[in-house]
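Input: a single structure, listed below in structure tokens.
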Amino acid sequence: MLKVVKNRIALSMLTISLLLTACGGKEPASNAGSSEPAAPADTVKVGILHSLSGTMSISEVSLKDAELMAIEEINEAGGVLGKKIEPIIEDGASDWPTFAEKAKKLLQKDQVATIFGGWTSASRKAMLPVVEQQNGLLWYPVQYEGMESSPNIFYTGATTNQQIVPAVTWLLENKGKKFFLIGSDYVFPRTANKIIKAQLDAEGGELLAEEYTPLGHTDYNTLISKIKSAKPDVVFNTLNGDSNVAFFKQLKDAGITPDQLTVLSVSIAEEEIRGIGGDILAGHLAAWNYFQTTDTPENKAFVEKYKAKYGQDRVTDDPIEAAYNAVHLWAAAVNKAGSFEVDKVKEAAPGIEFNAPGGTIKIEGANQHVWKTVRIGEIQADGQFKELWNSGEAVKPDPYLESYPWGSGLSQTK
């Protein structure tokens, strides 16, 4: 019996010796009390949260691709603070409560250092209380209606004075005074149109009508009949997702051409044109901060790399570029902070610049938005934009329109 015990002790000592050797002579780390295995010490997790299914997937899948490409670039250059970035990808499924649920999962269960995600303002507003309550960090890459500034969100797309406001001024000066507003029925179009109406009153424009349809709506014949009857100079379009496919196809079927009616969109970029068809959209306008045709050395390299990675038939566009920029800006802020801690990253972020494909951008510390150049372009038959106008320099973000006399009172709370 004594011999058996001695043999078992020897076997146990051998097992411990082998474990210590495998762990470099150190005791293995304990995961007691944790349902998740410990992350490797040489990686840092980040969340990617976009609609990979549903009505918004036409736009959001490419943002995920751009973020993964930026992560790959950073990892190839050595990572961030000596750690490789490990993306955790989730599908918001074009459903706003799902965005909130997945954001919470990424922060609590996966313990990501930051989240890159969203498209619609509804998805952003669903995630906002989650990231604030958890003291997480969200990088939101799409133009939006402004009137917001969260300490836990960085906004790398345009705010209102970097897209909608200059577009309205340009249209009034170049296309006419009579406006017909159409949009999807959720927060971005309704808030954007509230701003547009105040601007039209201040700048001598005339509102003929304001119409909304649900996200995913596909029958626009009645709305097009209303547009025909109203005879506007301009249709300002804030439809989102695949509703644009139906609207523009039915507009063309109704015989309404761009030389008869100017339609300017703020949610249709090269990716959406690819889904709708350049032949259908040719001649219509859009306002953005970046086009695939933007002429910079950085953009030439960006477009070439994106196409090489995802296919020559793929295109880049403004939200794709803003999503790509977000990853690089976060990495720069982390490196400057010397930490992945949210509060330290936020403290380090103001003033950080990045030579983005669309030109140099800079984080504005007062509101965590980004300085951006404004561009208006005409859609060509090949699906690309011919730039008609740009602001000449990066525009300081003003999400609450505090620099506009007519903007006073548009937002009751900040």
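The values are calculated or read from the model by the stated rules, or taken from the named source; none is laboratory data. Because the structure is predicted, anything quoted here is derived from the model rather than measured. Note that we place each Cβ from the backbone using ideal geometry, even for glycine, and neighbour counts take in every protein chain shown.
Some notes on this structure:
- Strands (runs of 3 or more DSSP E) enclosed by the range 69-188 - at least 3 residues per element that are closer than 28 Å to R314 by Cα and either in contact with a helix residue (DSSP H, G or I) (Cβ under 8 Å, 6 or more places away or on another chain) or small (G, A, S) (or both): 84-91, 115-117, 138-140
- Only residues that are part of a loop (DSSP other than H, G, I, E, B) and of a type in the set (F, W, Y) were counted in the range 360-414, giving 2.
- Flag for Q312 being in the same structural domain as V142 (by TED's automatic domain parsing) and either at positive phi or in a loop (DSSP other than H, G, I, E, B) (or both): yes
- Candidates I224, I280, I268: the one that is outside the structural domain of H50 (by TED's automatic domain parsing), within 23 Å of F179 (Cβ to Cβ) and crowded, with 21+ Cβ neighbours inside 10 Å is I268.
- Filtered by the rule that a residue be of a type in the set (A, V, I, L, M, F, W, C), modelled with pLDDT under 95 and part of a helix (DSSP H, G or I), the range 33-68 gives a lone residue, I58.
- Filtered by the rule that a residue be under 11 Å from L49 (Cβ atoms) and touching a residue at least 40 places away in the same chain (Cβ under 8 Å), the range 73-109 gives P87, I88, I89, E90, D91, G92, A93, F99, K102, A103, L106, L107.
- Given (1) β-branched (V, I, T); (2) surrounded by fewer than 22 Cβ atoms within 10 Å (Cβ to Cβ); (3) not assigned by TED's automatic domain parsing to the domain that holds V61, number of the condition I352 does not satisfy: (3)
- Of all residue pairs spaced 6 or more apart or on separate chains, those with beta-carbon atoms under 8 Å, a first member in the range 281-297 that is part of a loop (DSSP other than H, G, I, E, B) and a second member that is among the basic types (K, R) are N289/K372; N289/R375; Y290/R375; F291/R375; T293/K386; T294/R375.
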